[in-house]
Amino acid sequence: EAQVTQNPRYLITVTGKKLTVTCSQNMNHEYMSWYRQDPGLGLRQIYYSMNVEVTDKGDVPEGYKVSRKEKRNFPLILESPSPNQTSLYFCASSLRSSPLTYNEQFFGPGTRLTVL
Amino acid sequence: AQTVTQSQPEMSVQEAETVTLSCTYDTSESDYYLFWYKQPPSRQMILVIRQEAYKQQNATENRFSVNFQKAAKSFSLKISDSQLGDAAMYFCAYRGTTSGTYKYIFGTGTRLKVLA
């Protein structure tokens with residue numbers, strides 16, 4: 001089954017304890033992206049990757065790191081989590097899009113992160 | 001910078017009736033994509049409909065249609081014959097086409113309640 005998977009689905013942690021949220025897709029997609037969703041703010045893009053070893057900042061990259069060493073994986077790293085990073089996180093992927101073509105984004109199920 | 005605005009935090013509609021969700025955006029680009037996503041209580045993000053800015057014809061998907069007014073930078077979603085399963089959070093989103101940038105900008109969402 002074609003899908004985007006995220007792990008863990010739920011995580012409660014404490015301030016300063018490094019964590020990684022994994023994202024994996026089995027559709028051979030070039031494009032992958034991370035979003036956070038907060039009440040009243042909608043979804044905001046954190047980082048995106050056009051292909052292996054190619055990443056770029058979205059609108060809210062502060063406090064996050066990403067890497068794209070393999071095509072299928074795009075982990076989100078919080079080196080020193082803080083309470084303001086408590087949020088619902090989504091990973092998404094799609095086939096590569098050129099400026100005037102579009103391929104649908106497929107979203108993972110979300111990861112609920114609480115930082116105490 | 002591009003922005004997406006959804007001014008209706010919450011809407012209600014009677015089952016079988018029609019409802020329109022509003023979205024406005026701001027951009028200096030001439031070519032771009034606009035989307036409506038549905039997020040039911042399961043939190044899964046589901047693409048409802050997509051509109052390419054270069055197409056004058058409004059997109060339609062079964063009971064869902066859009067009213068795309070490029071000059072006014074308006075992109076509303078009309079849901080006809082509303083069903084209980086339409087109850088969800090709806091997000092309007094924008095993706096530009098400037099070469100090398102594939103950022104997505106989401107609105108803050110409109111929660112739709114469907115009354116039996």
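Scanning the range B:30-44 for residues that are within 10 Å of chain A (Cβ to nearest Cβ), surrounded by 12 or more Cβ atoms within 10 Å (Cβ to Cβ) and over 13 Å from B:Cys92 (Cβ atoms) yields B:Asp31, B:Arg43, B:Gln44. Of everything in the range A:96-115, what is in contact with a strand residue (DSSP E or B) (Cβ under 7 Å, 6 or more places away or on another chain) and assigned to a loop (DSSP other than H, G, I, E, B)? Give them in sequence order. A:Arg96, A:Ser97, A:Tyr102, A:Asn103, A:Glu104, A:Gln105, A:Gly108, A:Pro109, A:Gly110, listed by residue number. Among the residues of the range B:60-80, is there at least one that is touching a residue at least 24 places away in the same chain (Cβ under 8 Å), out of contact with any Leu (no Cβ under 6 Å at 6 or more places or on another chain), within 30 Å of B:Ala116 (Cα to Cα) and not in a strand (DSSP E or B)? The answer is yes; a qualifying residue exists.
State whether one or more residues within the range A:102-109 are crowded, with 16+ Cβ neighbours inside 10 Å, within 12 Å of another protein chain (Cβ to nearest Cβ) and without any contact (Cβ under 8 Å) to a residue 60 or more places away in the chain. For the range A:102-109, residues crowded, with 16+ Cβ neighbours inside 10 Å, within 12 Å of another protein chain (Cβ to nearest Cβ) and without any contact (Cβ under 8 Å) to a residue 60 or more places away in the chain: present. Every condition in (1) in contact with a Lys or Arg (Cβ under 6 Å, 6 or more places away or on another chain); (2) closer than 24 Å to B:Lys38 by Cα; (3) surrounded by fewer than 16 Cβ atoms within 10 Å (Cβ to Cβ) holds for A:Asn26 except the one numbered (1). Checked against the criterion of being facing chain B (nearest Cβ under 9 Å) and either within 22 Å of A:Arg9 (Cβ to Cβ) or not in a loop (DSSP other than H, G, I, E, B) (or both), the range A:81-90 contains one or more residues that satisfy it.
Residues in the range B:23-49 that are without any contact (Cβ under 8 Å) to a residue 60 or more places away in the chain and touching a Ser or Thr at 6+ places or on another chain (Cβ under 6 Å): B:Thr24, B:Asp26.
On the basis of being surrounded by 13 or more Cβ atoms within 10 Å (Cβ to Cβ), modelled with pLDDT under 95, out of contact with any Pro (no Cβ under 6 Å at 6 or more places or on another chain) and hydroxyl-bearing (Ser, Thr, Tyr), does B:Thr97 make the cut?
no
Can you find a residue in the range B:77-88 that is surrounded by 19 or more Cβ atoms within 10 Å (Cβ to Cβ) and within 14 Å of another protein chain (Cβ to nearest Cβ)? Scanning the range B:77-88, I find at least one residue that is surrounded by 19 or more Cβ atoms within 10 Å (Cβ to Cβ) and within 14 Å of another protein chain (Cβ to nearest Cβ), so the answer is yes. Taking the conditions exactly as written (more than 10 Å from the chain's Cα centre (by Cα) and over 23 Å from A:Pro39 (Cα atoms)), does B:Lys70 satisfy them or not? Criteria met by B:Lys70.
The values are calculated or read from the model by the stated rules, or taken from the named source; none is laboratory data. No experiment lies behind these values; they were computed from the predicted model shown. As a convention, Cβ positions derive from the backbone with ideal geometry for all residues, glycine included, and neighbour counts pool all protein chains shown.
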